[in-house]
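Please read the structure below before turning to the comments.
Nothing in this text is a laboratory measurement; each read-out follows from the coordinates by a stated rule. Small disclaimer: the values here were computed from a predicted structure and weren't measured. We place every Cβ from the backbone using ideal geometry, glycine too, and count neighbours over all the protein chains shown.
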Amino acid sequence: MAALEDCTQFLSALPGIDGGDLYFQRSASRSLSYSDGKVEEVSSSSSAGCSARLLRGRSSAFAVVSGVERGGAARALAEAARIASVEGGKVPAMNFPIDRVRAFFPENVDFFGETDRCLRAECGWIRQITLSCSANARRYVVVSPEGSHAGEAERCSFAAEVIVERNGRLESGYDAFSMSGDAREFFRKLSAKNVARRALQEALVNLEAVECPTGAMPVLLSEEAGGTIVHEACGHGMEADLVFEEQSSFAGKIGRQVAAEDVTVVDDASLPGLYGSFACDDEGTPSRRTVLIERGILKNYLTDKRCARLYGLPLTGSGRRSSYASLPMPRMSNTFVAEGSSEQGEMIQSVSRGIFVCRMGGGEVNTTTGEFVFDVTQGYLIEDGKITRPVKGASLIGRGIDALMGIRAVGKRLHMEPGMCEKEGQSLPVTDGQPSLLIDGLIVGGTAADR
């Protein structure tokens, strides 16, 4: 479009500017929640707007205009130029370059009730079943001095939480299925009953769980544990803005060993169909595979255009934002530990006393020190090389680099788990993954006396 080319030329001609962009976005979402045998809420929303960002040294001048009226982009550019104290030529006026967006959701939602009835027929201990489904669609155009880029994304998710009660004891289980790509394909692939059954199975296992012992012991993370430690305790510390704001334990460690020799960590937004995938980031940079750690050696940080320019780093296509009203920043996409060569069964047999973690929950991490505490939502004792009793009340305590260095074995099968990642108030879809990992040096927090 000629108007987009005019904006590119305008941005290129601004004096004293180190870069910038004009970002247009339209988005739409639909969701449905179901609980206690009935539909609780149906909602839909849409938004549209644009923003202008001008980079000058370490500062960003940022202006936002909501809506799609002609001239909105010109107002945003003029305001950003005023904030940055730069004088340019006439700001080009243009129509909004994105047509209306719709989020697909099936007309027939009987599968919610069918799933609820099916599970209750299978188990008499169910107290509550909560099901939710969402579909989101987004289109965006990024205009920069380098040209213009268009992108789009559809993401859908279905989740189930089941609460069971036996002899006065309540336990819960959770599972979800998420996908990026064509929404119709998502609903064709979705088996709501299987998702809900996995949540029910977790709840039933938790009914049998015993108090978890406490102390330092080997921890075997199954591939289904979902890469939480890699994402939270390590991945955020490799985002370049945190590194150079001295908020990362990985600062200054490029080229140094930060993990066991068998450990390779990758961030790759170009993988098709995963929840954190995209063709180009929110600055118009094509997605790519970035090796963060290679055989234990720290190789790269995740960068956006600002960090790459300020610190002389390769551009990794990691500049992401949650909407047109937010500034882009370095963010993870699909982050995972690459496959190794160990069999999970052999790892289990090598442990005389430890914890086998099947599912991870929430937790806390200090990116500056790398210290973390994560909840275990489903885990088992390992005793004399065998998985025995399920445990409850377990948590994992450690430090990111120590955990990476303590990885004794890496499994052969990679498993990916979708999720949402929060940073500075911006929530974005991501995928975390790992094979089975046997880690020494972690502290297991629990509710039973150590024996």
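Expressed as a fraction of 2.2 N^0.38 Å, the value expected for a compact globular protein of N residues, the C-alpha radius of gyration of segment 212-445 is 0.99. Applying a DSSP loop filter and a limit of 15 other Cβ atoms within 10 Å to the trypsin sites (Lys or Arg not before Pro) in segment 48-106 leaves Arg58, Arg70, Lys90, Arg100, Arg102. Taken over segment 99-181, the convex hull of the Cα atoms encloses 115 Å³ per residue.
For every other residue with a beta carbon closer than 11 angstrom to the beta carbon of Glu154, add +1 if it is Lys or Arg and -1 if Asp or Glu, then tell me the sum.
Details: positive: Arg102, Arg138, Arg139, Arg155, Arg184; negative: Glu152, Asp182, Glu185.
Result for the local shell: +2.
For segment 200-291, which trypsin sites (Lys or Arg not before Pro) are both in a DSSP coil and crowded by at most 11 other Cβ atoms within 10 Å? Could the numbers behind the result be given before it?
Details: sites: Lys253, Arg256, Arg288, Arg289; in loops: Lys253, Arg256, Arg288.
Filter output for segment 200-291: Arg256.
Spatially, segment 167-214 and segment 225-254 are offset by 29 Å when compared through their Cα centroids. Sorting Ile83, Ile129 by the number of Cβ atoms found within 10 Å of their own Cβ, with the fewest placed first, yields Ile83, Ile129.
What is the angle, in °, between the Cα long axis of helix 2-13 and the longest principal axis of the Cα atoms in the chain? Nearest 10 is fine, range 0 to 90. Compared with the principal axis, the helix lies near 90 degrees.
Direction-averaged shadow area of the convex hull around the Cα atoms of the chain, nm²? Numbers along the way, then the final one.
Working: hull surface 89.1 nm².
Result: 22.3 nm².
Roughly speaking, what % of Cα-Cα pairs in segment 261-394 are separated by over 24 Å, rounded to a whole number? Every Cα pair in segment 261-394 considered, those over 24 Å come to 49 percent.
Can you tell which of Gln257, Thr388, Gly284 lies farthest toward the positive end of the dipole of the chain, using +1 and -1 charges on the Cβ of basic and acidic side chains (Lys, Arg; Asp, Glu)? Comparing the listed Cα positions along the dipole, Gly284 ranks first.
Computed over segment 1-154, the P(r) curve from all C-alpha pair distances, binned at 5 Å from the origin, holds 2, 9, 16, 15, 12, 9, 7, 7, 6, 6, 5, 4, 2, 1, 0 percent per bin.
Sites listed here are GluC sites (Glu not before Pro) in segment 78-181 whose DSSP assignment is loop and whose Cβ has at most 14 other Cβ atoms within 10 Å: Glu87, Glu107.
I'd like the distance between the alpha-carbon centres of segment 140-155 and segment 379-451, rounded to an integer number of Å. First find each Cα centre; the distance between them is then 37 Å. Considering only the Cα atoms of segment 134-200, their convex hull presents on average a projected area of 6.3 nm².
Ordering Ser44, Ser31, Ser287 by the number of other Cβ atoms within 10 Å of each residue's own Cβ, fewest first, gives Ser44, Ser31, Ser287.
Using the 10 angstrom Cβ neighbour count as an exposure proxy, how do Ser322, Ser66 rank, fewest first?
Details: Ser322 19, Ser66 13.
Fewest-to-most Cβ neighbours within 10 Å comes out as Ser66, Ser322.
Given +1 at the Cβ of Lys and Arg, -1 at the Cβ of Asp and Glu and no other charges, the dipole of segment 225-352 around its Cα centre is 480 debye to the nearest 20.
If you add up the charges near Gly393, with Lys and Arg at +1 and Asp and Glu at -1, over every other residue whose beta carbon is less than 10 angstrom from its beta carbon, what do you get? Intermediate results must be reported in sequence, preceding the final value.
Details: positive: Lys392; negative: Glu211, Asp375.
Result for the neighbourhood of Gly393: -1.
Averaging Cα coordinates gives a centre for segment 317-361 and one for segment 53-87; these two points are 37 Å apart.
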